[in-house]
1. What number of residues within the stretch 59-71 satisfy the criterion of being more than 13 Å from the chain's Cα centre (by Cα) and polar (S, T, N, Q)?
2. Has the stretch 5-15 got any residue that is modelled with pLDDT of 95 or more and within 23 Å of T71 (Cβ to Cβ)?
3. Within the stretch 74-94, can one find any residue that is of a type in the set (A, V, I, L, M), under 18 Å from D31 (Cβ atoms) and over 12 Å from the mean Cα position of the chain (by Cα)?
4. Is one or more of the residues making up the stretch 23-41 in a helix (DSSP H, G or I), exposed (fewer than 12 other Cβ atoms within 10 Å of the Cβ) and modelled with pLDDT under 95?
5. Tell me which residues, restricted to the stretch 44-100, are touching a strand residue (DSSP E or B) at 6+ places or on another chain (Cβ under 6 Å), in a helix (DSSP H, G or I) and farther than 16 Å from L34 by Cβ.
Amino acid sequence: MKLAIASTLALLISSAIAPAVHAEGDSSAADRQLAHNVRVSFAHSGVSLSHVFVFARSGQVTLVGWVPEGTQVALAEQSARTVDGVTSVNNLLSRSGGRLN
């Protein structure tokens, strides 16, 4: 049940952000590229990507989801901050394995 709630929350967040990103034309391509670059940085840093969503808008990056180890919450934020073009990071990651408690 809790996993379903977390999945629904992630879907709602992505639905709310996606239309705004697609409405901007050229900047949406840059935002998608920035989000991709952050995910690549995560992979190189050893951050688990399986339950992490990365949203980018005009250099502002938001991380949503969960990671298997608490140390990866800080590692993800630190890794995102090193990517060229990132101006700020809103880290909403948790170490809960998908549990909302």
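1. Residues in the stretch 59-71 being more than 13 Å from the chain's Cα centre (by Cα) and polar (S, T, N, Q): 1 in total.
2. Taking every residue of the stretch 5-15 in turn, none turns out to be modelled with pLDDT of 95 or more and within 23 Å of T71 (Cβ to Cβ).
3. Applying the first criterion (of a type in the set (A, V, I, L, M)) to the stretch 74-94 yields 74-76, 80, 83, 86, 89, 92-93.
Of the ones still in play, those that are also under 18 Å from D31 (Cβ atoms) are 80, 83, 86, 89, 92.
Now restrict to residues that are over 12 Å from the mean Cα position of the chain (by Cα): 83, 86.
The answer is yes; a qualifying residue exists.
4. Checked the stretch 23-41: at least one residue is in a helix (DSSP H, G or I), exposed (fewer than 12 other Cβ atoms within 10 Å of the Cβ) and modelled with pLDDT under 95.
5. The answer is V73, and nothing else.
The values are calculated or read from the model by the stated rules, or taken from the named source; none is laboratory data. The model shown is predicted, which means the values in this text are computed figures rather than measured ones. Because the Cβ atoms are built from the backbone with ideal geometry, glycine has one as well, and the counts that use them run over all protein chains shown.
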